[in-house]
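The values are calculated or read from the model by the stated rules, or taken from the named source; none is laboratory data. Fair warning: this is a prediction, and the values are worked out from it, not measured in the lab. Please note: Cβ atoms are built from the backbone with ideal geometry, for glycine as well, and neighbour counts cover all protein chains shown.
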Amino acid sequence: MSTLTVGTISEKVSGAGVAVDGVTLKDGGANFTSAITATDNTVDLGASSTRFKDLYLSGGAYLGGTGSANYLDDYEEGTWTPNVGGNATYTAQLGRYTKIGNHVLAQFDMTINVLGTGSTGAISGFPFTHENIMVASGSISYFSGVSSNVYYLSFYVINGSTDAYLTGITSAGGTISNILATFQNGARVNGMVSYRTT
Amino acid sequence: MALTEETIQDKIEIVGDYKMVQVRTARVIYDSGTEISRSFSRHVVAPNISADDLANESTEVQAICNAVHTDAIKTAYATHLASQEI
């Protein structure tokens, strides 16, 4: 590699700029002796055919606006373990979550082996604390082996908690019951909920 | 190439009115010492955790829970849960 020592590189044609094919900055990096002119809302970062690959941020990104309500500062995927507390045992405890900003999407599939001292009407172990403002309604897409004559089964995550209470209807045309005593040995529930965390 | 793994609690947070202790556990895979994969699982320790269950937590989590889950917090959380039937 040869070294070319120069003081200033100037454009040959006024307004044409200077094209450089590949630049490596070393030691002191780049020093700008005049302000870099930035124009609001005109420059794209990448393009449809010239995309960047990965983006690493220790902070977040403002999307669609510059207010705190537009600030996305967290994304995470992972697992959690649904349970009913006590000394219950299980044949399956599957939980997955995706957190986008302050919103959590949690899915679960739980089959109780022996209920023991576990709860008959609550699910615990959700991966993030629910905000303490209003309950978050979830949905159960499949259930079997439950103790009551259940026509409909659902649940909600409690404010300021990681627990959820079951709700359901146990007779045709009946009204919904809260903290429905449903779980027993062999019960299985599969569901999901979307809620806000603190 | 030597694959190794370790499990670490890489984030412990205290959140909310009832000092919920949120714990993120990371399973990290290394290839010859270079991290190539990191996956997460989460659980939350509430003020109403039993003594037996708390004993199963890491020493660090136990210490945090013992510090923040005061009797006042435990009482407030129990009262809160009892009031949450809709």
**Message:** Residues that are farther than 15 Å from A:Ser161 by Cα and away from chain A (no Cβ under 14 Å): does the range B:74-85 have at least one?
**Reply:** no
**Asked** Does B:His43 meet the test of being crowded, with 18+ Cβ neighbours inside 10 Å and over 20 Å from A:Thr81 (Cα atoms)?
**Response** no
**Request:** Pull up the range A:132-161, narrow it to residues that are aromatic (Phe, Trp, Tyr) and under 20 Å from A:Thr197 (Cα atoms), then point me to the one that is nearest to the other protein chains (Cβ to nearest Cβ).
**Result:** A:Tyr156
**Prompt:** Which one of these is modelled with pLDDT of 95 or more and farther than 23 Å from A:Thr89 by Cα: A:Ser194, A:Ser171, A:Ser137, A:Ser177?
**Reply:** A:Ser194
**Request:** Report yes if B:Glu60 is touching a residue at least 40 places away in the same chain (Cβ under 8 Å), loosely packed, with under 13 Cβ neighbours inside 10 Å and more than 9 Å from every other protein chain (Cβ to nearest Cβ), otherwise no.
**Result:** yes
**Spans of helices (runs of 4 or more DSSP H) in the range B:16-82 with at least 2 residues farther than 30 Å from A:Met134 by Cβ** = B:51-55, B:59-68
**Request:** Being among the aromatic types (Phe, Trp, Tyr) and under 18 Å from the mean Cα position of the chain (by Cα) is the filter here, so list the residues in the range A:86-102 that pass it.
**Result:** A:Tyr97
**Request:** Kindly provide the set of residues from the range A:75-94 that are within 11 Å of chain B (Cβ to nearest Cβ) and part of a loop (DSSP other than H, G, I, E, B), ordered by number.
**Result:** A:Thr81, A:Pro82, A:Gly85, A:Gly86, A:Asn87
**Message:** Out of everything in the range B:1-15 that is in a strand (DSSP E or B) and of a type in the set (A, V, I, L, M), what residue ends up being nearest to B:Leu81 (Cα to Cα)?
**Reply:** B:Val15
**Message:** Quick check on the range A:103-131: of everything there that is within 9 Å of chain B (Cβ to nearest Cβ) and under 18 Å from the mean Cα position of the chain (by Cα), which residue is surrounded by the fewest Cβ atoms within 10 Å (Cβ to Cβ)?
**Reply:** A:Glu131
**Message:** Among the residues in the range A:34-55, are any closer than 27 Å to A:Thr129 by Cα, out of contact with any His (no Cβ under 6 Å at 6 or more places or on another chain) and surrounded by 10 or more Cβ atoms within 10 Å (Cβ to Cβ)?
**Reply:** no
